[in-house]
1. Kindly provide the set of residues from the stretch 114-144 that are among the aliphatic types (A, V, I, L, M) and either loosely packed, with under 12 Cβ neighbours inside 10 Å or more than 20 Å from residue 83 (Cβ to Cβ) (or both), ordered by number.
2. Checking the conditions here, which among 111, 65 is open to solvent by 20 Å² or more (accessible area, probe 1.4 Å) and in a helix (DSSP H, G or I)?
3. Taking the stretch 22-40, which residues are among the hydrophobic types (A, V, I, L, M, F, W, C) and within 8 Å of the chain's Cα centre (by Cα)?
4. Mind checking whether some residue in the stretch 68-84 is open to solvent by 60 Å² or more (accessible area, probe 1.4 Å), at pLDDT 80 or above and assigned to a helix (DSSP H, G or I)?
5. Just wondering, is there one or more residues in the stretch 85-97 that are touching a strand residue (DSSP E or B) at 6+ places or on another chain (Cβ under 7 Å), modelled with pLDDT of 85 or more and not hydrophobic (A, V, I, L, M, F, W, C)?
6. For the stretch 92-108, indicate whether the set of residues that are under 21 Å from residue 137 (Cβ atoms), open to solvent by less than 40 Å² (accessible area, probe 1.4 Å), assigned to a loop (DSSP other than H, G, I, E, B) and not hydroxyl-bearing (Ser, Thr, Tyr) is non-empty.
7. Which of the numbered conditions does residue 127 fail, given that it passes all the others? Conditions: (1) more than 18 Å from residue 36 (Cβ to Cβ); (2) not in a helix (DSSP H, G or I).
Amino acid sequence: SVLAVNYVGPIALTKALLPSMIEAKCGQIVVISSVQGLIGLPARTAYSASKHALHGFFDGLRAEVASRGISVNLICPGYVKTALSLNAVSGDGGKYGKMDATTAKGMDPQVFASKAMTAIALKESEVVIADDWNAHVAPFLRLLAPSVLEWVMRKRAKKELKPKSD
């Protein structure tokens, strides 16, 4: 399931490695999340929920291990040209199975990787890596003007979740 891959897997790996980092009094935990871990998107509810859960866990862990010389970095990509939307799970639990225009126009994976490596080297606690300015603005809207973001998401949902014609 999406939750097992996106949430349980990274936590299990972290729990396996964390004792040795604590013993060494140093380490760096890097988590690839998503902008969808900062805002929920229509037609991506399970994916968004799994990434939100990551943020809750790793934000708390960051505070717990900071004094032990361990950093926690959340990398939040926007759209990257991958097969993510083809394999996404829709709100009803079925396979989404379509290449989204947004994903098709996403950042080249090599460009993303280079930017992510820079953020990791700088030990940025949380960084959004995206070409699309919406990916940078939306998390701030969620905090500063949640009703505006909700309106935008409702419009997007109406557009994306049109009833299917027979």
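The values are calculated or read from the model by the stated rules, or taken from the named source; none is laboratory data. It should be emphasised that the depicted structure is a prediction, and the values quoted were computed from it without experimental measurement. Quick reminder, even Gly has a Cβ in these numbers, built from the backbone with ideal geometry, and neighbours come from all protein chains shown. Ligands, DNA and RNA are excluded from the accessible area calculation, which covers all protein heavy atoms including side chains. Shrake-Rupley method; radii C 1.70, N 1.55, O 1.52, S 1.80 Å.
1. 117, 119, 120, 121, 122, 127, 128, 137, 138, 141, 143, 144
2. 111
3. Answer for the stretch 22-40, where residues must be among the hydrophobic types (A, V, I, L, M, F, W, C) and within 8 Å of the chain's Cα centre (by Cα): 32, 35, 38.
4. yes
5. no
6. Checked against the condition, which is being under 21 Å from residue 137 (Cβ atoms), open to solvent by less than 40 Å² (accessible area, probe 1.4 Å), assigned to a loop (DSSP other than H, G, I, E, B) and not hydroxyl-bearing (Ser, Thr, Tyr), the stretch 92-108 yields at least one hit.
7. Failing condition for residue 127: (1).
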